[in-house]
Amino acid sequence: MPKRGDFKVEKLSEIAKRRNQIKQRKSDIMAHFNFENNLSELTKLDAPMQRGPLMRWQRKALSLDDQAGAGGSSDRHLSLPEGIAGGLSPRRTRIGSSRTPSKGSKTPLTCRTPNRTPGKTPGNSKKVSGKTPNKKTPLTPHSDRFIPSRSTTDQDLGHYLMMNNENENPLAGGKVDYQQRVTENICKGQQDPQNAKILSFRQKAPQAKEGYLNNLKVLYSSGKCSAPKALSTRQIPQQPDRILDAPELLDDYYLNLLDWSSHNHLALALGGSVYLWNAGNSTVTLLCELESEEEYISCVSWIKEGNILAVGNSTGAVQLWDVSQQKLMRTMGGHAARVGSLAWNSYILSSGCRSGAIHHHDVRVADHQVGTLTSHAQEVCGLQWAPDGRYLASGGNDNLLNVWEGMAEAPVHSFTHHMAAVKAVAWCPWQPSVLASGGGTADRHIRLWNVLTGACLHSVDTNSQVCSILWSSSYKELISGHGFSQNQLIIWKYPAMGRVAELTGHTARVLGLAMSPDGSTVASAAADETIRLWRCFEIDKQRKSSSSKSFKEPVTKSALQRGIR
Amino acid sequence: MAGKLAQKSAITLRGSTDIVAEFFSYGINSILYQRGIYPPETFSRCQKYGLTLLVTTDDTLKKYLAEVLAQIKEWLYSMTVQKLVVVIKSVDTAEVLERWQFDIECDKSAKDPGAKPREKSEADINKEISAVIRQITATVTFLPLLETACVFDLLVYTDKDLDVPDSWGESGPQFISNSEEVRLRSFTTTIHKVDAMVCYKKDD
């Protein structure tokens, strides 16, 4: 009885011979039309394929023939012609069985059905030994099995495992040892994989809906994104009024290095020095300088009256400077690490530290530390007292926003909604119980809170790290400073929180904002070592005069009256 | 659960497995939300460990996670699990882009029938867990963008002699070829210790 393999090879070679003969004849007759023929053959998509894999029905016919020849087994096998099978794994399906064809990676090891090892079935020998009649078969595998979850199938592993099962030659003694050592080294000292089994649940996780694209790319790629804009009824200049140079400005998100006094002085900390810029006559004075090179100023804050500047530095000390005399008034210690945030409440100065502690200092008395708050586990970067002095809001690197009542030791509210450091903390000047907070890179939201009820009034996604928020009473708006990718300042309309304007210009992330005493200009300090002054809340002269008119009228009346007499 | 409330500082094996399995559930949900594997609209907030965490609302995904975690819980109880790995692969190229590995060290002496419950306050454990989850959230600052649509898979490293249930199959470790590794914090319940680490593909 002829061997199965031989039979098939014979038949195919005959077909091949015939084909070649036809071709020769054709080429002889129409040699000069060859090129055109080839082209048209290639481009004709509906003609029967001359040089493709055998059609399914053809393959089945061939395999049936084989089976008839060999006295067939209960299983049917689909066998591919040599051209395709060379180098690729044979795909097997069980027609008529209830089990769905298994995925490549799972079959060889755990499947308990018989007849699975490729080497054992007779049909396999032709794979390697047979001749290739059709030399121009495409190499893309042609299969008709159902793969439930293509994305999570480890096809490489499956292929490797199936291929390896045939040529399994046991290694010599020394080689086993060598191989073990190599695997150990490759796994970088992790647990010897031979001791562990790696399992994966068969049914894979559902895939995200079609067409869902990871939107983080939109967030984190540069380029202007079209944001919905609220109608702005006033002209906001897109260019800054002035740009000031700020060399050596520390690019540290957690520090607060900018503050504007009520006497119109802008205080700026550059490295270890504090400079004062007089906004009225544009003069610059160096207020103080730290002696040591390793130390730096970490926070500056003006007292409400505008004559004293509190300076916090990296050693944990807070200094009070009399600006008119340029003299150091006192130094208050007590912190274990740098002081990143300061907030005044008449004569109480609160300081937030990298350790998470907040100290209250009474600056009038010698024993200055009058309170200690320890609710934060990481650096306190945002700190502000409410305008009426009732509440203190603190934001930390532990993503907490705490609200304290007066000098209480425990916070009234502890908000955990933010998913990143809360540096931007600002109280509403005209509504004493409304607080705005902004989150860092992983959060990017601005949230408005009512501290009396503890409710989150509003939450807006800004698509960028929020470093600072300021309120504008004259226009009932908020302005926020941002980082990657636009480094812009956004003006929001309160309470609807629609975007009024976006001010771009900084080439690196904005680190802090400060507002002028008249409320018309906002200064932004950024990592590009510049300070830009934006005249975005222009005091409307008409409105100003109309409000002053109402004051003038009674005066003129009385003057007239006096005159008349 | 009632037993755990009654003795706040005593940790039993059963209690410890509950804590670790719960951590994995919230941790995996956080990773899926932060890396944008599923649309953010399908996540809802819940309060846990003193943080606001996001968990998925998609039923199929919830079912999948529940089944997998139930099995992992059993393995935690029998102390046969060594690692849990969350693999993030690109859909089109099936290339592994990120690999979150949680190493589990079990203190085998806790399995003895006469073992006393360990002393560790739940508040301490919660604090440690919240630190790890906050770190996972913060990794967005250095992990490279996932440009293509991705899919995730869960791998479990168990002891060699474990009897594999039907619904689980063997798989490769799915390492990343050119990777950068960052170790995150760990937490321990005195019976189980969990280390976290993330490997991502270096993009040069």
Exercise. Yes or no: B:ARG134 buried (at least 21 other Cβ atoms within 10 Å of the Cβ) and either at the interface with another protein chain (Cβ under 8 Å from one of its Cβ atoms) or not hydrophobic (A, V, I, L, M, F, W, C) (or both)?
Worked result: yes
Problem set entry | Index of the failed condition, A:SER524 passing every other in (1) in contact with a strand residue (DSSP E or B) (Cβ under 9 Å, 6 or more places away or on another chain); (2) within 14 Å of another protein chain (Cβ to nearest Cβ) | (2)
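Between B:VAL182, B:VAL164, B:VAL156, which is more than 10 Å from chain A (Cβ to nearest Cβ) and among the hydrophobic types (A, V, I, L, M, F, W, C)?
On the way: B:VAL164 fails: more than 10 Å from chain A (Cβ to nearest Cβ); B:VAL156 fails: more than 10 Å from chain A (Cβ to nearest Cβ).
Going through B:VAL182, B:VAL164, B:VAL156 in turn, the sole match is B:VAL182.
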Exercise. Considering only region A:377-406, how many residues are within 21 Å of A:GLY316 (Cβ to Cβ) and not in a strand (DSSP E or B)?
Worked result: 5
Exercise. Do we have B:PHE102 as in contact with a Leu (Cβ under 9 Å, 6 or more places away or on another chain), within 13 Å of chain A (Cβ to nearest Cβ), on the phi < 0 side of the Ramachandran plot and not aliphatic (A, V, I, L, M) here?
Worked result: no
For this session: Output the number of residues of region B:49-58 satisfying the condition of being assigned to a strand (DSSP E or B) and in contact with a strand residue (DSSP E or B) (Cβ under 9 Å, 6 or more places away or on another chain).
Result: 5
Seminar exercise, completed: Taking region B:167-179 and keeping only residues that are at the interface with chain A (Cβ under 7 Å from one of its Cβ atoms) and among the aromatic types (Phe, Trp, Tyr), one is left with B:TRP168
For this session: Filter region B:144-153 down to the residues that are in contact with a strand residue (DSSP E or B) (Cβ under 7 Å, 6 or more places away or on another chain) and either assigned to a loop (DSSP other than H, G, I, E, B) or surrounded by fewer than 19 Cβ atoms within 10 Å (Cβ to Cβ) (or both), then identify the one that is farthest from the other protein chains (Cβ to nearest Cβ).
Result: B:PRO144
For this session: Considering only region A:432-443, state which residues are surrounded by fewer than 22 Cβ atoms within 10 Å (Cβ to Cβ) and touching a strand residue (DSSP E or B) at 6+ places or on another chain (Cβ under 9 Å).
Result: A:PRO432, A:SER433, A:VAL434
Exercise. Looking at (1) under 25 Å from A:LEU373 (Cβ atoms); (2) within 13 Å of another protein chain (Cβ to nearest Cβ), can you tell me which one A:ASP461 breaks?
Worked result: (1)
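Would you kindly identify the strands (runs of 3 or more DSSP E) lying entirely within region A:236-302 that contain at least 3 residues that are in contact (Cβ under 8 Å) with a residue 12 or more places away in the chain and over 36 Å from the mean Cα position of the chain (by Cα)?
Numbers: elements: A:242-245, A:258-260, A:265-270, A:273-278, A:283-289, A:297-302.
The qualifying strands (runs of 3 or more DSSP E) are A:273-278, A:283-289.
Just checking: which of the strands (runs of 3 or more DSSP E) contained wholly in region A:312-376 hold 3 or more residues that are without any contact (Cβ under 8 Å) to a residue 40 or more places away in the chain and surrounded by fewer than 17 Cβ atoms within 10 Å (Cβ to Cβ)?
Those strands (runs of 3 or more DSSP E) span A:327-332, A:369-373.
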Exercise. If B:ASP195 satisfies every condition in (1) outside any strand (DSSP E or B); (2) of a type in the set (Asp, Glu); (3) closer than 21 Å to B:ARG35 by Cα but one, which is the exception?
Worked result: (1)
Exercise. Restricting attention to region B:23-36, does a residue exist that is surrounded by 22 or more Cβ atoms within 10 Å (Cβ to Cβ), hydrophobic (A, V, I, L, M, F, W, C) and in contact with a Ser or Thr (Cβ under 6 Å, 6 or more places away or on another chain)?
Worked result: no
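Read the figures in this text as sums done on the coordinates, not as results from a lab. Source: prediction; values computed, not measured. For neighbour counting, all protein chains shown are included, and Cβ atoms are generated from backbone atoms with ideal geometry for every residue, glycine included.
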